[in-house]
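This report refers to the structure that appears directly beneath it.
The values are calculated or read from the model by the stated rules, or taken from the named source; none is laboratory data. What you see is a predicted model; the values in this text were computed from it and never measured. Positions of Cβ are backbone-derived with ideal geometry, glycine not excepted, and every protein chain shown enters the neighbour counts. SASA here: full protein model, heavy atoms, side chains in, ligands and nucleic acids out. Shrake-Rupley method; radii C 1.70, N 1.55, O 1.52, S 1.80 Å.
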Amino acid sequence: MTTQAIDYQSPAANGTRITQSWALVVDSYRELNSKKLFWITLILSLLVVIAFAFVTINDRGISIFGADFENYAWSTNVIPAATFYKVIFTSIAIPWWLGVIATVLALISVCSVFPDFITGGSIDLYLSKPLSRLRLFATKYLVSLMFVALQVFVFAAASFLLIGLKSGAWELGIFLAVPLVTLFFSYLYCVCVLTGIITRSALASLLVTMLFWLFLFALNTTDAVLMTFKSAADVRLEEHRGLIERNQKIIDTNQKLSPGNPTANAGWQLQLDGARETLPRFEKDAAQLQWWYSLFRYIKTPLPKTGETVDLMTRWLVEPEPLMRMHEESQKQQDQRREARRNRNTADGAPPPTQRNRSDRLDPEDPDVMRRVQQESEGRTAVKLIGTSLGFELAVLGLAAFIFCRRDF
Amino acid sequence: MAHELSIDLRDVRKTYGGKVTALRGIAMQVGRGEVFGLLGPNGAGKSTLVKIIMTVIRPSHAAGTVLGKPVGDKPTLARVGYLPEHHRFPRYLSGRQALDFFGALSKVPRIRRRLKADELIEVVGMKDAAHRKVGTYSKGMMQRIGLAAAMMNDPELILLDEPTDGVDPVGRRDIRDVLLRLKARGTTVFLNSHLLSELEMVCDRVAILLGGAVARQGTLNELALGRGFYELQVAASPPSGTLTEGESANAVYMESRLKQMFPHATVAGDIIRVGTIDPLAIQPVVDRLRSDGIAIKRMQLIKPTLEELFMEAVQEQATNGVQK
């Protein structure tokens with residue numbers, strides 16, 4: 001019998017490269033398949049879509065599992081059905097289901113991939129094969145992400161059908177969830193992989209990843225809160241300056257019209273003095289909030305933008321106008337309710353609540369503030385958000401790959 | 001000459017973290033088609049050396065070739081089979097799937113993998129368990145499937161790290177048969193084992209690794225050189241007429257006569273020991289005894305076992321140290 005060695009330099013070499021990659025894909029599938037969590041997550045995803053099928057909107061309001069909630073602001077008179085379902089998809093299904101619960105389940109599913117892979121006795125079998133360490137590392141990483149993408153695809157496809165069937169809008173943009181959620185997951189998974197490579201422990205890598213995610217969440221929330229209050233402070237300052245300018249103009253006009261009447265401007269002067277007195281405080285507030293906001297932005301710049309990446313779906317998929325209309329309508333309803341309550345209290349003999357100067361407080365729900373926040377958010381372009389996040393991911397993965405390629409197993 | 005060697009290591013060194021020296025300049029040659037045994041106590045650097053050859057560990061310095069290519073050349077590994085010590089095949093794969101998967105990683109085309117897996121499952125005696133998950137296998141079954149996986153790419157060189165670890169005597173014999181089969185087809189087998197008797201049975205050449213350096217290397221005969229001998233037992237009383245006048249037939253007297261005849265041999269009673277293992281070298285002694293009419297009752301080649309050679313090397317190292 002003669003030795004039949006594989007001629008690795010033959011024209012079939014390219015084919016065998018695919019053979020290796022495909023073998024790794026199939027192996028990863030078998031590994032995930034052996035962990036029932038993969039299928040459990042997939043089934044749960046479909047159940048979530050089915051649950052959303054029982055949320056409908058009509059001209060009177062919304063209906064959840066047959067229970068009707070009449071609300072003009074949340075009716076097809078204000079917001080088109082297709083937009084409503086897209087809002088549900090982008091504001092609830094993606095950030096809460098795919099962005100939190102399914103992500104946790106996916107992390108649990110794949111956190112052991114690298115620690116198991118580099119276990120003594122296992123890694124020897126892979127490294128002793130004719131494929132480079134870097135390729136092995138990259139393939140394992142990408143295949144893990146591929147299965148996350150598969151999960152999101154199934155969810156997006158089910159949502160696409162649901163929205164299409166319920167509203168007649170066959171929105172292909174829903175499939176943007178696949179790259180966006182996979183990207184979001186990859187920001188976390190790269191940390192999981194690095195920790196797994198360093199500690200060789202699935203539990204440690206899961207814990208570190210969750211802590212990192214929590215840190216990002218806290219950072220993003222702080223950034224969002226600061227952005228809102230900074231915008232509110234800016235709006236308040238601008239309105240206040242406008243007030244001072246208007247008062248000054250009135251006083252000047254009055255003085256021109258009746259120069260000999262000092263009492264004509266008494267009220268305006270009092271208001272102007274009060275406004276001038278308050279101005280430094282408002283300027284200080286705005287400057288302080290700007291400082292903190294800038295600080296957090298600097299901290300955030302090199303870190304992955306988890307929430308903002310997922311929020312790109314809303315930015316790209318949902319037209320802002322119907323939402324603003326809906327919000328204004330809700331605001332109007334709230335004001336009407338407040339007014340009715342006040343009238344009732346007055347009729348009962350109770351004293352009316354103290355009127356506060358609108359420009360004296362920071363109002364995050366002010367439509368002007370909301371518009372400014374939206375402008376500020378849109379100023380952070382997708383390229384910048386994804387680019388800086390991918391920069392972080394590449395740096396972390398580069399370090400993990402470097403350790404993997406240099407380590408003696 | 002270089003192309004005749006499957007492994008030709010000139011200077012392989014490994015130091016972990018700049019502190020712990022595992023290999024101190026290994027020079028080792030393994031010819032094509034040879035069964036080569038690597039032995040040494042725990043911590044001698046055997047597994048480190050095997051892992052360097054298989055690119056699992058990066059050497060601090062490595063001069064030499066494997067199958068004619070520099071040590072560490074990845075594509076060459078398509079022609080090499082490897083069974084690591086304490087290997088852990090994915091538990092979620094069946095035995096057959098494991099063979100297919102690792103065959104694919106060795107770039108074996110799909111159709112060939114299928115045929116090869118069938119053949120090897122038969123060879124290692126795993127036909128009945130091939131569809132069971134590896135996680136349910138006993139240690140012996142794991143070794144058998146591991147051996148089959150190492151052969152999936154029809155390797156020109158196969159490195160086996162403790163292949164009989166945890167295997168029962170029947171399994172050990174089966175594995176030995178597989179090794180002999182590999183040798184018969186011209187595959188170079190590099191064996192790393194603690195079981196010296198196993199190595200002795202199958203190896204053409206061995207190397208003893210002590211403290212990260214090759215203490216001895218060669219065929220068993222070469223290693224036994226100067227340590228083996230022929231032992232002859234002659235008749236206690238030589239036939240009458242062979243002794244000169246005044247010599248008595250008692251054993252003591254015969255001893256002195258034999259010592260005169262063979263000054264380089266040792267004689268104790270009726271036992272003559274000649275310090276050679278070369279059968280040609282012993283012939284003049286036999287001829288002389290026969291011409292003198294001394295009857296040879298028994299003649300036996302006594303060689304030190306591999307275990308004795310190994311222990312001798314270990315003791316020598318303990319006495320001299322390994323500072324080289």
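Some points to look at:
- Complete set of residues in segment A:297-306 that are of a type outside the set (D, E, K, R) and surrounded by fewer than 18 Cβ atoms within 10 Å (Cβ to Cβ): A:Tyr298, A:Ile299, A:Thr301, A:Pro302, A:Leu303
- Residue in segment B:219-227 that is modelled with pLDDT of 85 or more and within 16 Å of the chain's Cα centre (by Cα) present: yes
- Some residue of segment A:195-202 being farther than 28 Å from A:Val178 by Cα and either in a helix (DSSP H, G or I) or acidic (Asp, Glu) (or both): yes
- Residues that are in contact with a Ser or Thr (Cβ under 7 Å, 6 or more places away or on another chain) and buried (at least 20 other Cβ atoms within 10 Å of the Cβ) within segment A:110-126 comprise A:Val110, A:Cys111, A:Val113, A:Pro115, listed in sequence order.
- Taken over segment B:64-85, the criterion of being within 7 Å of chain A (Cβ to nearest Cβ) and either within 18 Å of B:Leu120 (Cα to Cα) or open to solvent by less than 10 Å² (accessible area, probe 1.4 Å) (or both) is satisfied by B:Leu77, B:Ala78, B:Arg79, B:Tyr82, B:Pro84.
- Enumeration of residues in segment B:5-30 that are part of a loop (DSSP other than H, G, I, E, B) and small (Gly, Ala, Ser): B:Gly17, B:Gly18
- Condition broken by B:Arg181, with the remaining ones in (1) surrounded by fewer than 18 Cβ atoms within 10 Å (Cβ to Cβ); (2) assigned to a loop (DSSP other than H, G, I, E, B) satisfied: (2)
- Residues within segment A:380-409 that are surrounded by fewer than 14 Cβ atoms within 10 Å (Cβ to Cβ) and polar (S, T, N, Q), tallied: 1
- Checking each residue in segment A:43-75 for being assigned to a loop (DSSP other than H, G, I, E, B) and open to solvent by less than 40 Å² (accessible area, probe 1.4 Å) picks out A:Ala53, A:Ala73, A:Ser75.
Residue by residue, here is whether (1) without any contact (Cβ under 8 Å) to a residue 40 or more places away in the chain; (2) more than 11 Å from every other protein chain (Cβ to nearest Cβ); (3) touching a strand residue (DSSP E or B) at 6+ places or on another chain (Cβ under 8 Å) holds:
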residue	(1), (2), (3)
A:Thr19	yes, no, no
A:Ala23	yes, no, no
A:Val26	yes, no, no
A:Leu37	no, yes, no
A:Leu47	yes, yes, no
A:Ala53	no, yes, no
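- The criterion of being open to solvent by 50 Å² or more (accessible area, probe 1.4 Å) and at pLDDT 75 or above holds for A:Asp335.
- Applying the condition of being among the β-branched types (Val, Ile, Thr) and open to solvent by 10 Å² or more (accessible area, probe 1.4 Å) to segment A:127-158 and asking which residue is farthest from the other protein chains (Cβ to nearest Cβ) yields A:Val154.
This table checks each residue for (1) free of Cβ contacts under 8 Å to residues at least 40 places away in the same chain; (2) open to solvent by 10 Å² or more (accessible area, probe 1.4 Å).
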{"residue": "B:Leu5", "(1), (2)": "no, yes"}
{"residue": "B:Asp11", "(1), (2)": "no, yes"}
{"residue": "B:Tyr16", "(1), (2)": "yes, yes"}
{"residue": "B:Val20", "(1), (2)": "yes, yes"}
{"residue": "B:Leu23", "(1), (2)": "no, no"}
{"residue": "B:Ile26", "(1), (2)": "no, no"}
{"residue": "B:Val35", "(1), (2)": "no, no"}
{"residue": "B:Gly43", "(1), (2)": "yes, yes"}
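- Residues (more than 8 Å from chain A (Cβ to nearest Cβ) and open to solvent by less than 10 Å² (accessible area, probe 1.4 Å)) located in segment B:95-111: B:Gly95, B:Ala98, B:Leu99, B:Gly103
- Matching residues, segment A:155-202, being among the aliphatic types (A, V, I, L, M), in contact (Cβ under 8 Å) with a residue 24 or more places away in the chain and farther than 17 Å from A:Val310 by Cα: A:Ala158, A:Leu162, A:Ile163, A:Ala169, A:Val191, A:Val193, A:Leu194, A:Ile197, A:Ile198, A:Ala202
- Some residue of segment A:107-125 being more than 14 Å from chain B (Cβ to nearest Cβ), farther than 30 Å from B:Lys51 by Cβ, in contact with a Phe, Trp or Tyr (Cβ under 9 Å, 6 or more places away or on another chain) and of a type outside the set (Asp, Glu): yes
- Residues that are without any contact (Cβ under 8 Å) to a residue 24 or more places away in the chain and either touching a Phe, Trp or Tyr at 6+ places or on another chain (Cβ under 9 Å) or among the hydroxyl-bearing types (Ser, Thr, Tyr) (or both) within segment A:238-267 comprise A:Ile250, A:Ile251, A:Thr253, A:Asn254, A:Ser258, A:Thr263, listed in sequence order.
Residues checked against (1) without any contact (Cβ under 8 Å) to a residue 24 or more places away in the chain; (2) within 13 Å of another protein chain (Cβ to nearest Cβ); (3) outside any helix (DSSP H, G or I):
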site	(1), (2), (3)
B:His87	no, yes, yes
B:Arg113	no, yes, no
B:Lys116	no, yes, no
B:Glu122	yes, no, no
B:His131	no, no, yes
